[in-house]
Amino acid sequence: MILSNISVPLLGLVDTAVIGHMSSAHYLAGIALGASSISVLFWLASFLRMSTTGVIAQAFGSKDSKKLTFLLQSSLVLALGFSLIIILIQPILLSAIEYLSGAKAQVVAQAHLYFSVRIYSAPAAVCNLVLLGFMLGMHYGKGPFYLVLVTNLINIVLDIWFVVGLEWGVTGAAWASLIADYCALAFALYMVKRLFIVNQITWVWHAPKSTEISKLLTLNRDIFLRSLLLQLCFSFMTFYGARLGELTLAANAVLLNFLMLVSFALDGIAYAAEAKVGHAKGQQDKRKVQLWVNLSLFWGGAFALLYTLIFAAFGNEIITLLTDIPEVISHAQSYLPWLIALPIIAMGCFLFDGVFVGLTRAKEMRNSMLLSTTFGFFLPLLLATAWQNHGLWFAMTCFMALRGISLFYRYRQLCRQGTLLQ
């Protein structure tokens with residue numbers, strides 16, 4: 001899971017690197033705005049991946065194959081419905097991007113080009129999240145690795161061909177990602193089919209019970225609200241950065257790739273924690289839950305320290321690999337210290353997200369995110385407005401820290417109260 005998640009940022013890194021070496025910063029700023037807007041929408045759908053992992057892991061732990069198929073069917077239906085809504089409201093979303101960013105006309109035009117193509121990959125991208133969640137819940141760690149590897153390889157080849165070879169610019173980057181998403185969907189369906197055969201699970205359509213549907217919808221609702229608040233903060237990074245100027249927007253586009261590298265690496269451990277903790281809860285084994293939490297914290301701390309050391313030693317070199325525009329390089333380097341500190345500070349929030357997904361305690365995740373968004377992000381940003389982009393990165397650092405602290409505190413409460421497995 002660590003290997004597969006480390007490779008995920010290659011999608012964004014390749015887009016940034018290819019566009020970052022074009023003639024002007026407005027191309028890089030445009031793809032940053034368009035790609036981050038798409039990411040907000042698709043990451044909003046991550047509630048489907050998280051809820052699927054938790055409930056599948058618990059059903060797998062209790063050896064309930066009938067429930068496994070019902071949960072997968074229900075989650076795929078929800079995924080298709082969500083993606084259809086995204087496509088239908090495309091004009092509203094495009095207008096919102098232009099209004100909220102306040103970016104220059106050249107930047108907005110490039111963002112529209114990217115968004116208008118990439119939005120049609122929604123059905124594939126969202127269904128892939130559900131299938132990924134299913135594989136995780138079934139403890140099939142190699143599946144997500146193969147899936148991400150295939151997706152990234154296709155995207156990299158097409159990115160270079162369309163953008164550099166055919167000179168399609170930002171539109172080429174969008175088409176590369178769209179084709180990669182649909183190829184990934186076909187491959188994911190093939191792997192899930194094999195997983196059914198190996199585990200001797202028969203695909204049978206189950207008529208849903210109202211109580212089961214209600215429980216699944218409640219779980220998805222709370223995780224969706226949590227994801228919505230998370231994306232509010234990340235999208236604010238892009239839109240607020242756009243208001244600070246084209247140069248700041250482009251610099252933040254480069255620096256956010258550092259954060260994505262960290263988040264996907266630590267999420268690799270968190271995904272494993274989701275599956276292991278969920279499986280242990282399905283078995284009603286408190287000792288195993290606590291064991292997996294402690295092991296996840298140990299390895300999460302080790303990888304967070306490694307990332308901090310890498311960024312401290314090679315941060316400037318990574319920036320120059322992503323763009324050769326002198327003004328963007330200089331601007332990005334001035335904010336690098338925030339990225340060096342973030343891995344250690346943010347480690348807890350990633351890992352305890354995984355723990356609470358495995359426990360299917362979405363209400364606690366929602367409440368923690370609401371607290372962190374209000375008092376960890378927007379309050380510090382308000383207090384540090386005069387620092388401009390430094391204030392923005394200060395707010396993101398506080399946000400990550402409070403998420404981890406609040407979830408850890410709640411986990412300790414559940415352990416003391418003896419309600420961890422309820």
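Couple of notes before you dig in:
- Of all the listed residues (Leu339, Leu297, Leu351), the sole one being surrounded by fewer than 19 Cβ atoms within 10 Å (Cβ to Cβ) and part of a helix (DSSP H, G or I) is Leu297.
- Test: residue in the stretch 379-398 that is within 20 Å of the chain's Cα centre (by Cα), open to solvent by 10 Å² or more (accessible area, probe 1.4 Å) and either in contact (Cβ under 8 Å) with a residue 12 or more places away in the chain or closer than 27 Å to Leu249 by Cβ (or both): yes
- Among the conditions (1) crowded, with 24+ Cβ neighbours inside 10 Å; (2) assigned to a loop (DSSP other than H, G, I, E, B), Gln284 misses just one, which is (1).
Rundown of residues vs (1) open to solvent by 70 Å² or more (accessible area, probe 1.4 Å); (2) within 24 Å of Val277 (Cβ to Cβ), yes/no style:
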position: Leu78; (1), (2): no, yes
position: Ile85; (1), (2): yes, no
position: Ala109; (1), (2): no, no
position: Trp161; (1), (2): yes, no
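- Total residues in the stretch 38-60, condition open to solvent by 10 Å² or more (accessible area, probe 1.4 Å) and either closer than 15 Å to Gly282 by Cβ or polar (S, T, N, Q) (or both): 5
- Pick from the stretch 204-221, criterion surrounded by 13 or more Cβ atoms within 10 Å (Cβ to Cβ) and not in a helix (DSSP H, G or I), ranking: modelled with the highest pLDDT: His206
- Filter pass, Ser121 being open to solvent by less than 10 Å² (accessible area, probe 1.4 Å), closer than 17 Å to Leu41 by Cα and of a type outside the set (A, V, I, L, M, F, W, C): yes
- Residue satisfying all of: in the stretch 399-422; open to solvent by 20 Å² or more (accessible area, probe 1.4 Å) and among the hydrophobic types (A, V, I, L, M, F, W, C); farthest from Leu244 (Cα to Cα) among these: Leu421
- Inter-residue pairs, beta-carbon under 6 Å, first over 18 Å from Ile87 (Cα atoms) and in the stretch 172-193, second modelled with pLDDT of 95 or more and open to solvent by 10 Å² or more (accessible area, probe 1.4 Å), 6+ apart: none
- Leu370 within 19 Å of Leu228 (Cβ to Cβ), of a type outside the set (S, T, N, Q) and surrounded by fewer than 15 Cβ atoms within 10 Å (Cβ to Cβ): yes
The values are calculated or read from the model by the stated rules, or taken from the named source; none is laboratory data. Bear in mind that the values here come from a model prediction, so they are computed numbers and not experimental data. Cβ sites come from the backbone with ideal geometry, for glycine too, and all protein chains shown count toward neighbours. Keep in mind that these areas ignore ligands, DNA and RNA; they rest on the heavy atoms of the full protein, side chains included. Shrake-Rupley method; radii C 1.70, N 1.55, O 1.52, S 1.80 Å.
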